[in-house]
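The values are calculated or read from the model by the stated rules, or taken from the named source; none is laboratory data. Since the structure is predicted, the reported quantities are computational estimates derived from the model, not experimental observations. Please note: Cβ atoms are built from the backbone with ideal geometry, for glycine as well, and neighbour counts cover all protein chains shown. Protein only, heavy atoms only, side chains kept; ligands, DNA and RNA dropped before computing areas. Shrake-Rupley method; radii C 1.70, N 1.55, O 1.52, S 1.80 Å.
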Amino acid sequence: MVETRTISLPIQLPKGFNECDRCSARLHDSLLQMEGVRSVDVNFQTSTIKLVYDPHLTPLEDVEKRAQLIGFDIKEKFEHKTFTLVGLDCPDCALKLEKGVGRLPGVVWVATNFASSRMSVEFEPGAVDEGAIFKRVREMGYDVIEEEHAGRAAHHETHGHDDEHTHPYSQKQTFLTVVSGAILVLALILSWLGLRYPANALYLLAAVLAGSYAARGALFSLRSLSLDMNFLMTVAAIGAIAIGDWFEAATVMFLFSLGNALEGRTMEKARASVSSLVNLFPTQARVRRDGVEVEIPASEVRVGDLFVVRPGEKIPTDGTVVSGMSTVNQASITGESIPVEKHDGDMVYVGSINQRGSIDVEATATAEDNTLAKIIHLVEEAQAEKAPSQRFTETFGRYYTPSVVLLAIVVAVLPPLFFHTAFSHSVYIALTLLVVSCPCALVISTPVSIVSAIGNAARNGILIKGGAKLEVTGGIRVIAFDKTGTLTTGESMVTDILPATGFDEDQILCLAASVESRSEHPLAAAILRAARDRGVHIKEVSGFESLTGMGAAAKFNGDTCVVGNSRLMDQLEIDIGDLSESLNRLQEEGKTAVLVASGRRLAGIIAMRDTLRESAREVFQALRHIGIQRTVMITGDNEMTARAVARELGIDEYYAELLPKDKVDIVRLLIERFGGGVAVIGDGVNDAPALAAATVGIAMGAIGSDTALETADIALMSDDLSKLPYAIKLSRRTLQTVRENIVFSLGVIVLLISTALFGWLKLSFGVFGHEGSALIVIANGMRLLRFKG
């Protein structure tokens, strides 16, 4: 069910901004591409954006980030906070909390996720504050952990990671459940011995102890006019006592409390993905100050600090190696199985393990804003986001539960009035109906699967931005790849040197490298590497000139030496002669050819090629194996290079010589051709417009790139292309698991309601079936934590 809201946001216009239709269109189109945004009205005269959007798919925080990426700031009218909840013991309690907090004046949007036990709130600070939100949560019978994402490192170091399942609330409830069970056994023994009244007293005591938290929740549920499972179970127990069935009352409360305890334990494992990431934070850092090494808490490291990391130690925060060489295990961050060599100037990331040598590192981030803190923040946001199937089951529950309550009243009242059925019997059937019909298993069927899958992905170096993105990825049938940096390493290497008559290979390299020593072009770096590898002496040149789009020129031994493409040679009227056929052959092979001339004479050709990633061929085979219907390459390279790469990798179709805008047009064309389900994978920076236009945007090598982390729907932290098939298979398995859970939970509901209506089901067995189905659904969803692909 689609939920839309309309809201006006104030825009902070860029300094020196002059209103123009093109700027308005750019902002309008960019926001409209966001999933969940229905309409956008940009008004620069009033400095506002009027937005119609689905808050479940597009939080205002994402709108602000998208506007900032294209040069506009949305004024700080709204705040966005995510809190950890304590005592959230049933799925429909989450919906009750959502409704209660959402009624507060100034709260724009709220989403509560039982599976992750987190609440995300967007609110206007002038109308409501965090204190009022916390107060409302506590008034409704729950607690909240007041901690910021950014402070997790310090929190972990000083307090450990205390989640809701080690909280006194949970401990006390578990203790009362155990005591209640012991008393229930004792009451059964007394009942078998014929001691009826003492047994009934103990049954009552067991029901009160086990049901204390349920009764408390029922009271808050009643006050908020939102009937949840706590209310239904409490009514069932009171009704059982009213008709003299003391054993049933105690058993109902004990089984319900035991089920909640077991659900809490199993859900703890599903939520452990974030906890395991938090545990990656190192506690200490060895900082060099005034020439002396001192140990300080990792949370106190500041940007610019020089810290030392010895073999076997964790890197305390992001930084740049300034001296030393080592291999670093980055698996915890990127999912890479092979350690990476680090030299001077290389980036290292928090939580990685230094393996071989001692390195000195200059900190580039604090504990609050390093890579791991950002990953944790994104994973927590993703786990709190509701998938479309989850919103469907919750909407179903909102209408279904009141309908069942009404049916239970009819079952309790009408048979005694019209069919002379015993009132106690009708009430018993109605109570059983209330208990078994609550759709807890259905409501939890999606979120537990989503949380488990996102946790699994995070541990493997894949960030999936929420359940909606996970579900959509499962339906991907077409994938468009950027070439440079995605299918290739982005680092060119010299493959051929073809001298003209009168020159040899070293002479050509000397000429080209001497000119290109003044250039910053990527191809220049490849020529200089080749010259160094061959031991070719690079000479001084003068009068260097960069010829945009064609090459470069400089004075060398009194002659003008030029290095560039065939257009430059045509312009200078330099004859290519016998090498024209070789030039065509090199281009057909997908190589970039650079021509070198000295004076008015061609010296030769240097051919280069961007190296294909080793895993690229295997990845395309894997994609075809899992049913990807079409693979497409979109690149700014020339036609012949694109054709050669596509032929070598077996890509179905390609589009070459594209500008960023052209890539967006191609993506939209693919979506139109294939009816949606189109993913684009690129580096997340140059390809940001194409990623935004796709059904799913996937950024590769996102570690260290804030733009990639923010703009992509899925971020592959390393440059490992093989993570792509894994992400798609995980998404499809998640969809399959969600469908299994929904079908199973609906089937159990139908079975229990049918047997309850015919009077074939005892109340206690109804509770057992209800709680058992929820546990089975949770266990099935949690299998995704162990998914290996």
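Mind counting the residues in the stretch 514-532 that are touching a residue at least 60 places away in the same chain (Cβ under 8 Å) and either open to solvent by 20 Å² or more (accessible area, probe 1.4 Å) or polar (S, T, N, Q) (or both)?
Qualifying residue count, the stretch 514-532: 1.
Kindly list the number of the only condition in (1) open to solvent by 30 Å² or more (accessible area, probe 1.4 Å); (2) farther than 21 Å from K99 by Cα that fails for A453.
Tallying (1) open to solvent by 30 Å² or more (accessible area, probe 1.4 Å); (2) farther than 21 Å from K99 by Cα, A453 fails exactly one: (1).
Can you pull out every residue in the stretch 327-370 that is open to solvent by less than 10 Å² (accessible area, probe 1.4 Å) and in a helix (DSSP H, G or I)?
I333, T334
If a residue has to be open to solvent by 20 Å² or more (accessible area, probe 1.4 Å) and free of Cβ contacts under 8 Å to residues at least 60 places away in the same chain to count, how many in the stretch 301-326 make the cut?
13
Looking at (1) more than 30 Å from R118 (Cβ to Cβ); (2) open to solvent by 20 Å² or more (accessible area, probe 1.4 Å); (3) modelled with pLDDT of 85 or more, find the lone condition where T251 falls short.
The single condition T251 does not satisfy is (2).
For K50, are the conditions met, namely being open to solvent by less than 10 Å² (accessible area, probe 1.4 Å), over 20 Å from the mean Cα position of the chain (by Cα) and at pLDDT 75 or above?
So K50 fails the test.
Checking A408 against (1) small (G, A, S); (2) at pLDDT 80 or above; (3) crowded, with 19+ Cβ neighbours inside 10 Å; (4) farther than 30 Å from F423 by Cβ, which test does it fail?
(4)
Mind checking which residues of the stretch 192-242 are outside any helix (DSSP H, G or I) and more than 20 Å from F768 (Cβ to Cβ)?
Once the filter is applied, which keeps residues that are outside any helix (DSSP H, G or I) and more than 20 Å from F768 (Cβ to Cβ), the stretch 192-242 yields L193, G194, L195, S224, L225, S226, L227.
Condition check ((1) touching a helix residue (DSSP H, G or I) at 6+ places or on another chain (Cβ under 7 Å); (2) open to solvent by 20 Å² or more (accessible area, probe 1.4 Å); (3) of a type outside the set (D, E, K, R); (4) at pLDDT below 75) across all residues:
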| residue | (1), (2), (3), (4) |
| --- | --- |
| E3 | no, yes, no, yes |
| L13 | no, yes, yes, yes |
| C20 | no, yes, yes, yes |
| R38 | no, yes, no, no |
| A67 | yes, no, yes, yes |
| F72 | yes, no, yes, yes |
| E76 | no, yes, no, yes |
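Under 7 Å by Cβ, and 6 or more places apart or on different chains, what pairs join a residue from the stretch 248-265 that is free of Cβ contacts under 8 Å to residues at least 40 places away in the same chain with one that is surrounded by 24 or more Cβ atoms within 10 Å (Cβ to Cβ)?
Close Cβ pairs satisfying both conditions: none exist.
If you check K483, K465, K469, which single one turns out to be crowded, with 19+ Cβ neighbours inside 10 Å, closer than 30 Å to V562 by Cβ and either of a type in the set (D, E, K, R) or under 21 Å from the mean Cα position of the chain (by Cα) (or both)?
After ruling out the rest, the residue left standing is K483.
Regarding E618, is this residue free of Cβ contacts under 8 Å to residues at least 24 places away in the same chain and open to solvent by 70 Å² or more (accessible area, probe 1.4 Å)?
So E618 does not fit the description; no.
Quick one: which residue in H425, H420 is on the phi > 0 side of the Ramachandran plot and open to solvent by 10 Å² or more (accessible area, probe 1.4 Å)?
H420
Yes/no per residue for (1) among the β-branched types (V, I, T); (2) open to solvent by 10 Å² or more (accessible area, probe 1.4 Å):
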{"residue": "V108", "(1), (2)": "yes, yes"}
{"residue": "A111", "(1), (2)": "no, no"}
{"residue": "S117", "(1), (2)": "no, no"}
{"residue": "R136", "(1), (2)": "no, yes"}
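Among (1) modelled with pLDDT of 85 or more; (2) open to solvent by 20 Å² or more (accessible area, probe 1.4 Å); (3) not in a strand (DSSP E or B), where does K555 come up short?
(3)
Using the structure shown, decide if L85 is in contact with an Asp or Glu (Cβ under 9 Å, 6 or more places away or on another chain), modelled with pLDDT under 75, under 22 Å from G466 (Cα atoms) and not charged (D, E, K, R).
So L85 does not fit the description; no.
Out of all the residues in the stretch 757-789, which are charged (D, E, K, R) and out of contact with any helix residue (DSSP H, G or I) (no Cβ under 6 Å at 6 or more places or on another chain)?
K762, R783, R786, K788
Only one of these is farther than 12 Å from R630 by Cα and either open to solvent by 20 Å² or more (accessible area, probe 1.4 Å) or basic (K, R) (or both): R673, R643. Name it.
R643
Show the residue pairs meeting these rules: Cβ distance below 8 Å; 6+ apart or different chains; first residue within the stretch 580-608 and free of Cβ contacts under 8 Å to residues at least 24 places away in the same chain; second residue part of a strand (DSSP E or B) and open to solvent by less than 50 Å² (accessible area, probe 1.4 Å).
Qualifying pairs under 8 Å: L583/A593; L583/L595; L583/I605.
Taking into account only those residues within the stretch 273-300 that are open to solvent by 40 Å² or more (accessible area, probe 1.4 Å) and among the small types (G, A, S), which is modelled with the highest pLDDT?
Selected residue: G291.
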